[in-house]
Amino acid sequence: MKHKVKNVNLAIMLAVITLFQLICAFTLIEKGESENRLNIIITFGGYILAEYAYFIGAKLILGRRGFEVELIAFLLTSISLSVTASVYPSLAVKQLIATLLGIAGFVILQIILRNIDFCMRLRYPVAFLAFGLLVFTLVFAKITNGAKNWIYIGGLSIQPSELVKVAFIFVGAATLEKLQSNKSLTKFIIFALGCIGTLFLMYDFGTALIFFFTFIVISFMRSGDIRTLILICAAALLGGLLILRFKPYVASRFEAFGHVWEYFDTSGYQQTRVMIYSASGGLFGVGLGNGKLRNIFAATEDLIFGVICEEFGWIMAAAILLSYVALLVYSIKHSRYARSSFYAICACAAAALMLFQASLNVFGVNDILPLTGVTLPFVSRGGSSIMSCWMLLAFIKAVDRGTYRYGGVRQ
Amino acid sequence: MVEIEYYTRYLLAALAIAVLLNCAISLLRLRPKKKVYAVLQNLATNEEYPITCYETAVGRARNTDIRLKLPSVSRAHAVIALRKDGFYIFDTESKQGVYLNGEKIDKTAKLSHGDTVAFGMEIMKFYVGSEAAGDIKNIEDIAPEQKNYSLTDIVSGNEFSLEGDYVTVGREEGSNIEITAPNISRKQAILTNENGIWYIHNLSRTTPTLLNGQTVVSPTLLREGDVIKFGDFAFLFGEKE
């Protein structure tokens, strides 16, 4: 007999996530100093409220079904908040605000995506705004940790390239509707070259690589022309080699790659610590707040995967990675039956971007790839990153035909 | 206290893994329901090509949904798209063009049940619904015998059988087909059965009932393959499976 696959039970899953969050909060309150307790209560309380508000709105008011995508995102963000509140309790509320802004962006973007005609009208303004933002960053940003990708406004620091990721996919997919009478990729290639070139000038090679990968995914989905894509990749490889040949300081950033143990206390310091402490985590970890990797620079950002391996264990780390794969498979499956190719391209590009970024992060900290300093989607600390991830999730959600159907039907 | 903390780490990991694995496995296994929205029938060979996607590419290339291996057909010849108000065909800059009922289309044209579409030398009949029904000329063609009909939700694929003398549709509790959405009227529409032939009547003053993209203003006869829309909800009228 064929087993019928059903959506997960929202009430049960939400109860499990809430329990997870409450245990994390109580553990942190118990371990933390008394002045940080209020921060932890505000962070987890606010987040749980936002979570329930979203699901009540979507399920009871809009009558939607199928919440796996959001449940994964909410749980991953919970892990991020837990680690942030554990390592930097004073920054937890700030991370919560960024998360709430991201969730708001997720909802607003879903509303915008509902109307394809409106999306088509938005594509040029969004393209100019995105490119302008990168140029602004290039001109006004200061070099931080080797890359010129942060803008400081008052007490706020923003990484515009994270937000431009959303615009990049939106613009790339929005020009597709024209494809039904115009197969040219020229405008998108010019836009992509502008963005990737600017990122290179900012020395933000990790993000540039992510943009290039996303460009390849969008181009393939739009044209299906593998020969052109091979040519583009070959040209990019050649360009990369030329950069390494004539700009040796770029190569010097990756000098430890492949043999980090030889640079144990210098440029391989972070990778070697990640590998040592990850191994000590075992299957179930040493417990939230009990790790040692948390004391290493960028533990909650670039090295977060190591912190999860150490404090939550390998099984949970593997489950997190599986969830990125699941998002991509879900997007690919639904893309064939999507209401429009626009949704199909947006979803596949967004999910592929997340998986690629996660791979760069995980393989980077384990010395399988050069350490590029990219974040782990939804899990790493960082306001711009979390906002960008939630907005990218709107693209994945939009591919499902049921997303824009409000209410239920029964006989 | 130390003991509690010791077990907490197992509990935390178990809870997170339960959610992530459940959701991930569900996403990996769930498949969108496949539904045949329309059919293209080759007039020369009688071969049928079901249209199961919202956008269906027709052409000679390997990556098209409907592949026609003829020199007169361009690699990417046309796209058939299901939009809010019915089916459209787009000419994707094909060399030979797309002809609809003998006339060359200019970029795009709306498709109707029974239209003849030519992609190069390949001539097809277009039928809305799950099977090629042939030309419909009179009532006897559509109801030659007492058939059991149903409305199928195009998005979910759920089928609602039409039984009795009438079927009510609306937000009101107790409607035969109850649609719980804010923009659906309490009494949205009624379908009446007259000797096996079904008619649709619009009852709403605020949300129009659409039949193949046209507003229903008076009782209108339903034919197999008709698309009925109540607000955001589209249904296919056809024989009960």
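The values are calculated or read from the model by the stated rules, or taken from the named source; none is laboratory data. The shown structure was predicted, so the numbers you read here are calculated from the model rather than taken from an experiment. Neighbour counts are summed over all protein chains in view; Cβ atoms, including those assigned to glycine, are modelled from backbone coordinates with ideal geometry.
A few points about this structure:
- Pairing residues of the stretch B:4-30 that are within 7 Å of chain A (Cβ to nearest Cβ) and on the phi < 0 side of the Ramachandran plot with residues that are assigned to a helix (DSSP H, G or I) and among the polar types (S, T, N, Q), at Cβ distances under 6 Å and at least 6 apart in sequence or on separate chains, gives B:LEU20/A:SER323; B:ALA24/A:SER323.
- Check on A:ILE72, within 23 Å of A:ILE386 (Cα to Cα), touching a residue at least 40 places away in the same chain (Cβ under 8 Å) and either outside any helix (DSSP H, G or I) or touching a Cys at 6+ places or on another chain (Cβ under 7 Å) (or both): yes
- Close pairs from the stretch A:17-31: first under 12 Å from A:GLY287 (Cβ atoms) and more than 8 Å from every other protein chain (Cβ to nearest Cβ), partner part of a helix (DSSP H, G or I) and modelled with pLDDT under 95, Cβ under 6 Å, at least 6 apart: A:LEU28/A:ILE40; A:LEU28/A:ALA85; A:LEU28/A:SER86
- Taken over the stretch B:168-195, the residue count meeting the criterion of being buried (at least 16 other Cβ atoms within 10 Å of the Cβ) and within 13 Å of another protein chain (Cβ to nearest Cβ) is 15.
- The stretch A:266-291, residues that are surrounded by fewer than 15 Cβ atoms within 10 Å (Cβ to Cβ) and not small (Gly, Ala, Ser): A:THR266, A:ILE276, A:LEU283
- Listed conditions (1) over 14 Å from the mean Cα position of the chain (by Cα); (2) facing another protein chain (nearest Cβ under 9 Å) are all met by B:LYS35, apart from (1).
- Set side by side, the residues A:ALA398, A:ALA344 differ, and just one is surrounded by 24 or more Cβ atoms within 10 Å (Cβ to Cβ), under 30 Å from B:ILE80 (Cβ atoms) and more than 9 Å from chain B (Cβ to nearest Cβ), which is A:ALA398.
- The lone exception for B:LEU27 - which of (1) at pLDDT below 90; (2) surrounded by fewer than 22 Cβ atoms within 10 Å (Cβ to Cβ); (3) closer than 30 Å to A:SER78 by Cα it fails: (2)
- Helices (runs of 4 or more DSSP H) enclosed by the stretch A:226-310 - at least 2 residues per element that are without any contact (Cβ under 8 Å) to a residue 12 or more places away in the chain and in contact with a strand residue (DSSP E or B) (Cβ under 7 Å, 6 or more places away or on another chain): none
- Candidates A:LYS31, A:LYS2, A:LYS6 - the one that is within 24 Å of A:ALA317 (Cβ to Cβ) and at pLDDT below 90: A:LYS31
- Scan of the stretch B:65-91 for residues that are free of Cβ contacts under 8 Å to residues at least 40 places away in the same chain and either crowded, with 21+ Cβ neighbours inside 10 Å or part of a strand (DSSP E or B) (or both), ordered by number: B:ILE66, B:ARG67, B:ALA76, B:VAL79, B:ALA81, B:ARG83, B:TYR88, B:ILE89, B:PHE90, B:ASP91
- Within the stretch A:66-106, being over 24 Å from A:LEU28 (Cα atoms), within 11 Å of chain B (Cβ to nearest Cβ) and touching a Ser or Thr at 6+ places or on another chain (Cβ under 9 Å) holds for A:GLY66, A:GLU68.
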